[in-house]
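Structure record follows, encoded as structure tokens.
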Amino acid sequence: MTNAGRTDELPYRLIATDLDGTLLRPDHTVSARTRDALTAATAAGAAHIVVTGRTVPVARHILDDLGYQGLAVCGQGSQLYHAGEHRLLTSVTLDRQVAQLALAKLEAEIGPLALAAARDGLDGEVLFGEGYRMDHDGMSLVSFTDPAELWSEPISKLYIQHPELGDDALADAARTAAGGLVGVTMAGAGLVELLPLGLTKATGLSLAARRLGMTAADAIAFGDMPNDIPMFGWAGHGVAMANAHRDLKAVADEITASNTEEGIAVVLEKLFPAARR
């Protein structure tokens, strides 16, 4: 799964795939069929870009295991990473004073939150506080008890959880209370995140595409969660997995099979004849 050169005869020259719930199966592997389909598409001249909510430290080991060598948009668009060179190309951090104000506004409406934060950089740790249900694998975790620790270094994003509200309700409450200060997205079960205002997967993907000399019209995007909605809005064609969140399915141009049923391969085999088995 590597990036290739430009050709104008392809249905799409840029293939953007989310990781969890999309490219990856539940065991964090990619099926041979999906690998073959992506290999055939890139051999034909398309570029494959991973676009994930995971920050670079959390995504890096997965990308290495996959043998991925291209550009990866990480941290909901906050980081552009060159996987082959293990190099962070660009990084946008969340203003910590703004984040504290956003949290204060939200907690004034719905009560105390459990918090975690992803520190910036190639080796940034994930800090998590009391009550935060940290069941997200692949993270380098450090617990904190003093709130000052949360703000002591630059952070990419905050994770928030509420003792009673579900993910969708919490995200809606955060948008209502603090949507003018921070971006709010839901990336998976237990993953409601606060981001720099205006930052989305679409902004990160557009930056990566410009580096490759491509535009939105060149792109087909695959995803499964609400954090993929902006990416679908940017790309020429958005494909939701069968296991996708209802909000993403509502804006998708197409719905394919689930990640466990090789939904990406199903679509690419139709678009790229060489990918057909």
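Taking the chain as a Gaussian network, where each spring joins two C-alpha atoms under 10 Å apart, which residue of GLY190, GLY45, GLY198 fluctuates the most?
Checking each option, the largest mean-square fluctuation is seen for GLY198.
How much area per residue is accessible in the range 22-123 when the probe is 1.4 Å and only protein heavy atoms are counted (Å²)?
On the way: 3720 Å² over 102 residues.
Per residue, the range 22-123 has an accessible area of 37 Å².
I'd like the per residue volume of the convex hull spanned by the Cα atoms of the range 1-93, given in cubic angstrom.
Working: hull volume 9.0 nm³, N = 93.
Each residue corresponds to 96 Å³ of Cα convex hull volume.
At 27 angstrom or more along the helix axis (alpha-carbon based) and mean Kyte-Doolittle of -0.5 or higher, what helices does the chain contain? Whole DSSP H runs only. Each step should come with its number before you reach the end.
On the way: long enough: none.
Span-like helices in the chain: none at all.
Leaving out same-chain residues fewer than 8 places away, which lysines sit with a Cα under 28 Å from that of LYS105?
Qualifying lysines at Cα under 28 Å: LYS157, LYS201.
Where the centroid of each part is defined by its Cα atoms, how far is the range 218-271 from the range 8-59 in Å?
12
Would you mind checking the radius of gyration and Dmax of the range 45-133 based on alpha-carbon positions, in Å?
15.7, 52
Give the Cα extents of the range 86-153 along the principal axes, in whole Å, largest first.
Principal extents (Cα only, largest first): 42, 25, 19 Å.
Taking the Cα centre of the range 15-148 as the origin, how large is its charge dipole in debye, to the nearest 20, when only Lys and Arg (+1) and Asp and Glu (-1) carry charge on their Cβ atoms? Intermediate results must be reported in sequence, preceding the final value.
Details: 10 positive and 17 negative charges, 73 e Å.
Once rounded to the nearest 20, the dipole reads 360 debye.
Kirkwood hydrodynamic radius of the range 3-162 from all distinct Cα pairs, in Å?
Values: mean 1/r = 0.0580 Å⁻¹.
That comes to 17.2 Å for the range 3-162.
In Å, the Kirkwood hydrodynamic radius of the range 146-203 over pairs of distinct alpha carbons? The partial results should precede the final answer.
Working: mean 1/r = 0.0821 Å⁻¹.
When all Cα pairs of the range 146-203 are included, the Kirkwood radius is 12.2 Å.
Each label point is 7 Å from the Cα along the Cα-to-Cβ direction; what then is the distance between the points at THR145 and GLU107, in nm?
For the pair THR145/GLU107, the computed spacing is 1.8 nm.
For the range 173-277, max minus min Cα coordinate along each principal axis, in Å, sorted largest first?
In descending order, the Cα extents are 50, 32, 18 Å.
Would you calculate, for the chain, the mean residue ellipticity at 222 nm contributed by helices, counting each DSSP H stretch of 4 or more residues as -39,500 (n - 2.57) and dividing by all residues, to the nearest 500?
Rounded to the nearest 500, it is -9000 deg cm²/dmol.
Over the Cα atoms of the chain, what is the Rg over Rh ratio if Rh follows Kirkwood?
On the way: Rg = 18.2 Å, Rh = 18.8 Å.
When Rh is taken as the Kirkwood radius, the ratio is 0.97.
With all protein chains present, how much of the accessible area of the chain (probe radius 1.4 Å) comes from carbon and sulfur, to the nearest whole percent? All intermediate terms of the calculation are to be shown ahead of the outcome.
Numbers: 5500 of 11160 Å².
The value for the chain is 49 percent carbon and sulfur by accessible area.
If you take the charge dipole of the chain about its Cα centre, with +1 on Lys and Arg Cβ and -1 on Asp and Glu Cβ, which of GLN76, ALA265, ALA47 is farthest toward its positive end?
ALA47
Based only on Cα atoms, what mean projected area does the convex hull of the range 220-277 have, in nm²? Show your work: numbers first, answer last.
On the way: hull surface 14.6 nm².
The directionally averaged projection comes out at 3.7 nm².
What do you get when you divide the Cα radius of gyration of the range 70-200 by 2.2 N^0.38 Å, with N the number of residues?
Working: Rg = 14.2 Å, N = 131, 2.2 N^0.38 = 14.0 Å.
Dividing the Cα Rg of the range 70-200 by 2.2 N^0.38 Å gives 1.01.
Starting from 0.36 nm per residue, how many nanometres of slack lie between HIS28 and ILE255 once their C-alpha separation is accounted for? If you can, show how the numbers build up before the last one.
Working: separation 227, 0.36 × 227 = 81.72 nm, distance 2.15 nm.
Extra length from HIS28 to ILE255 when fully extended: 79.6 nm.
What is the antiparallel percent of DSSP beta bridges lying wholly in the chain, to the nearest 5? Walk me through the numbers before you get to the answer.
Working: 26 of 45 bridges.
Restricted to the chain, the bridges split so that about 60 percent are antiparallel.
The values are calculated or read from the model by the stated rules, or taken from the named source; none is laboratory data. Only a predicted model underlies this, so the values are computations on that prediction, with no experimental measurement involved. Neighbour counts run over all protein chains shown; Cβ positions are idealised from the backbone, glycine included. Protein only, heavy atoms only, side chains kept; ligands, DNA and RNA dropped before computing areas. Shrake-Rupley method; radii C 1.70, N 1.55, O 1.52, S 1.80 Å.
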